[in-house]
Amino acid sequence: MSKINLLLLCGGGSAEHDISLMSANYFESSLAKSDQFSVLRVELDKLGQYRTAAGDDCELTNNREIRFRDETKTPWPVDYVIPCIHGYPGETGDIQSYFNLIQLPYFGCESEASSNCFNKITAKMWFSALGIPNTPYIFLHQYDDEAITQVQTALANWGSIFIKAASQGSSVGCYKVDDSSKVAQVLKDAFGYAPYVVVEKTIKARELEVAVYEYNGEIVATLPGEIICDSNTFYTFDEKYAKNSKARTDVVAQHVSAEISEQIRAYAIKAFKGMKLRHLSRIDFFLTADNEILLNEINTFPGSTPISMFPKMLQNHGHDFTEYLSLVIKGQLPTKN
């Protein structure tokens, strides 16, 4: 049987570019364990240029092939692509739209589902429409005096708030605010990242995560894992990825009752099905001291770095990541002789 030509596309133009490269390392090492794939790793830089790991400039054409700037090199036909890109243009749905246009099969959620989950406002509207509890919020479409007043009122009512750029990932453009005098500047900063901003009530709660993925035709939701931050902090971009991070991750959250765990998993599957997700996602929840469950956010292409939860939770559930990838990929492709 001939090998599947698999394009591992990584990088992208967002603040998570370097994290995408780290995740690509995990995918690359996992794919190397199988003899079914011929893998070409290509980085998409912040200027939208493609370059192979060997340093060759190239492009992905509408003929579903990698064409090299050095015309002496033979174009490389692509059977399948893994868009290992956190943030823009991967989790935003943009690059999936191009794959759909050129009819190139790809790993992960489709374009509309990716876009709906990445925009925090759209996502929260979907959560509410599906009947899944989530944090109280307001959303803003422009930075002006009225917006500042709305946020200051929300802060007075809720005591503490998060101001978040609506279309950024990995806690980028996300700020905790307790002081009314800081609202104007923080709101201005958040609008610097996105044209829309969501303001949420601060919830004092445990942060639980569920890996949800398709395996042999079944939607699997793992037991909730937990992010345990340093005291009086939230899980910022730096806390996630800095070498000196004091945050701790438990693959299985401790002291969560079976009833609460099953309710969280049921909500996760409901969100996965209702928002038409595909292949994989990491779905994050808050659990308050009163056992109130609130859906926080959905990551349609969760990180796969050495400290990331998704691959750890999948493995803990008893599944091998390489076998999982093989099943998904082969399930989308016609049999090759």
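Values as computed for the structure displayed
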| read-out | value |
| --- | --- |
| Candidate set: the stretch 147-160, residues that are of a type outside the set (Ser, Thr, Tyr) and touching a strand residue (DSSP E or B) at 6+ places or on another chain (Cβ under 9 Å); chosen: the one nearest to residue 201 (Cα to Cα) | 158 |
| Residues of the stretch 163-185 satisfying the condition of being of a type in the set (A, V, I, L, M, F, W, C) and surrounded by fewer than 20 Cβ atoms within 10 Å (Cβ to Cβ) | 172, 184 |
| Residue within the stretch 119-126 that is out of contact with any Gly (no Cβ under 6 Å at 6 or more places or on another chain), open to solvent by 10 Å² or more (accessible area, probe 1.4 Å), among the charged types (D, E, K, R) and within 26 Å of residue 294 (Cα to Cα) present | yes |
| Matching residues in the stretch 186-219 - criterion: being farther than 30 Å from residue 318 by Cα, open to solvent by 10 Å² or more (accessible area, probe 1.4 Å) and not in a strand (DSSP E or B) | 186, 188, 189, 191, 192, 193, 195, 196, 202, 203, 204 |
| Any hit, the stretch 91-102, residues being in contact (Cβ under 8 Å) with a residue 60 or more places away in the chain, on the phi < 0 side of the Ramachandran plot, in contact with a Leu (Cβ under 7 Å, 6 or more places away or on another chain) and of a type outside the set (Val, Ile, Thr) | no |
| Helices (runs of 4 or more DSSP H) completely within the stretch 220-330 that count 2 or more residues being open to solvent by less than 20 Å² (accessible area, probe 1.4 Å), under 28 Å from residue 34 (Cα atoms) and at pLDDT 95 or above | 309-316 |
| Top-ranked residue in the stretch 77-115 [being touching a Cys at 6+ places or on another chain (Cβ under 9 Å) and not small (Gly, Ala, Ser); ranked as surrounded by the most Cβ atoms within 10 Å (Cβ to Cβ)] | 91 |
| Condition check for residue 41: under 23 Å from the mean Cα position of the chain (by Cα) and more than 30 Å from residue 174 (Cα to Cα) | yes |
| Test for residue 15: is it modelled with pLDDT under 95 and either closer than 18 Å to residue 105 by Cα or surrounded by fewer than 21 Cβ atoms within 10 Å (Cβ to Cβ) (or both) | yes |
| Flag if residue 154 is buried (at least 17 other Cβ atoms within 10 Å of the Cβ) and more than 17 Å from residue 90 (Cα to Cα) | yes |
| From the options 306, 302, 311, residue that is farther than 23 Å from residue 114 by Cβ and not hydrophobic (A, V, I, L, M, F, W, C) | 306 |
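The values are calculated or read from the model by the stated rules, or taken from the named source; none is laboratory data. Note that the structure is a prediction, hence the values are computed from the model and not measured. A quick note on method: Cβ atoms are made from the backbone with ideal geometry, for glycine too, and the neighbour counts reach across all protein chains shown. With ligands, DNA and RNA removed, areas are computed over all heavy atoms of the protein, side chains included. Shrake-Rupley method; radii C 1.70, N 1.55, O 1.52, S 1.80 Å.
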